[in-house]
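Laboratory data are not the source of any read-out in this text; all were calculated from the coordinates shown. Nothing here was measured: the structure is a model prediction, and the numbers come from that model. As a convention, Cβ positions derive from the backbone with ideal geometry for all residues, glycine included, and neighbour counts pool all protein chains shown.
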Amino acid sequence: MASTQAAGGGAPPAAPKSRRSVTGTRRAVAALFLLPALVLLGALVVYPIGYSVIRSFYDQSGDGFAGFDNYQALFTDDGIRTALKNNVIWVVFAPTVATALGLIFAVLTERVRWGTAFKLVVFMPMAISMLAAGIIFRLVYDQDPDKGVANAVWVGVHDTFAQSSAFPKAHPGRESPLEAAPGGGFITKATVSAGTPVTLPLVGVAPDQMPDDAKRAVQAKADPDGITGTTWQDFTRGKGVGTLGGVDASELGYAGLRIEAVKDGKVVASTNAADDGTFTLPAAAEGAQLRLPPDNFKEPYNGVDWLGPSLVTPSIIVSYIWMWAGFAMVLIAAGLAGIPRDLLEAARVDGAGEWQVFRRVTVPLLAPVLAVVTVTLMINVLKVFDLVFIIAPGSSQDDANVLALELYRKGFSEDQPGIASAIAVFLLLLVIPVMWFNVRRLRREVRR
């Protein structure tokens, strides 16, 4: 039989080997398992990208070929140019500040007992949706100090050093001896003389807005050696019985009101009214006019217009950092935990201070992690939409505009799908280099 096999030309051919993947699984089976994911990927990612690219070359109706007109609009439309400028600000500042804060928080909380609790609090905003965060910061930045936390703090600090007027709405009533003064405030129509009390009635301040230290107004007594008078909240018709231009028992004095004696445009004497509204000026005020300077009627400080045209973008960036600083902190803290402690101790033994250890050892060793965090946040801010749409009021939304918001406005509010598709493609082109850099850097890390 052996000779027969030899004569027949050798052993029978081996059965063909089945094609297998690297993991040992048949490629057909692997492809079958991947098929649902590939279908979803094509339907949700590939098809929208392809359709957006094609649609970006057509006009508003979608029937006429527009060429590169829609892309030309990216650099000629004022709204899109503002969005481009704001996106540059976002990409430069938001990831940098969020990563820097995350690094500081991670390093400072590494050695304290309550570090875990602090990290939990800082990371907690990540559990809040962009919509909820936008609503929160819309309230925080409210212009009214009684509603907005930011202005409540700002006004409190301001009023600590510069007290606002208690009588911003006060003004002369009918038949008043006062008239408007050049440069603001009010001044008496006639000059004053010693021995004749002066009356300076004002109206316009609600009773509940009068200072707490204001007392019942008193008619000033005549002083032959000086100028005396009373300034008070004169009665208004329909609010009880009283004499117009006369001091009544139910009326309050303007406590602390500033009164100046002016001669030939120069202030020769000044004083503040007592709690009952009475005041006394020296004999130097003889023959002068009495002026109530405009500082008496200065409107109370109402804080900063955080959502105004000049500050709306930085304010929204602050809200973004509030949300994402915790994300940066957690990733950096994980990288910090992987740093060999003997390197840090060796640097300290060699005489390096904590700042030198941080700057020359910790930061270089954390460079890969810092790059991951920064690049991730850069990609994220290019797509920011929710915060800008919710926080920025209609009056300043144009000033806070970003590309993602402009895409929404062009596509839905202005019904220009061609330009909206061009913006979408442009955003994709901006993200691709950042993603390519990140993937390339990760591959280098794997090779090491």
Principal-axis tilt of helix 130-140 within the chain, Cα atoms, nearest 10 degrees: 20
Shape category assigned to the range 267-397 from the gyration tensor of Cα positions, a/c cut at 1.5: oblate
15 Å tail of the calculated P(r), the range 162-253, as % of Cα pairs: 63
222 nm mean residue ellipticity, helices alone, for the chain (DSSP H n ≥ 4; -39,500 (n - 2.57); rounded to 500): -14000 deg cm²/dmol
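Just want the ordering: 258, 441, from fewest to most Cβ atoms lying within 10 Å of their own Cβ.
441, 258
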Interchain or long-range residues, amide H under 5 Å from residue 270's placed H: 261
Binned Cα-Cα distance frequencies in the range 109-209 - 10 Å width, integer %: 11, 20, 21, 18, 11, 9, 8, 2
Cβ-based charge dipole, the range 320-435, positive-most Cα from 411, 366, 421: 366
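With a ≥ b ≥ c the root eigenvalues of the C-alpha gyration tensor of the range 22-156, is it rounded (a/c under 1.5), prolate (a/b larger than b/c) or oblate? All intermediate terms of the calculation are to be shown ahead of the outcome.
On the way: a/c = 2.68, a/b = 1.28, b/c = 2.10.
Here the range 22-156 falls in the oblate category.
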Residues 44, 200 arranged by fewest to most Cβ contacts within 10 Å: 44, 200
Above-threshold pairs, the threshold being 23 Å between Cα atoms, out of 119/383; 85/383; 189/266; 221/298; 266/298; 215/266: 119/383; 221/298; 215/266
Helix axis angle, 27-41 relative to the chain longest principal axis, alpha carbon, degrees: 20
Volume of the Cα convex hull of the chain, divided per residue and given in Å³: 326
Electrostatic dipole magnitude of the range 178-297 [Cβ: Lys, Arg +1; Asp, Glu -1; Cα centre; debye, to 20]: 260
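Tally the DSSP beta bridges in the chain and give the antiparallel ones as a percent, rounded to 5.
Working: 23 of 28 bridges.
Beta bridges within the chain, antiparallel portion: roughly 80 percent.
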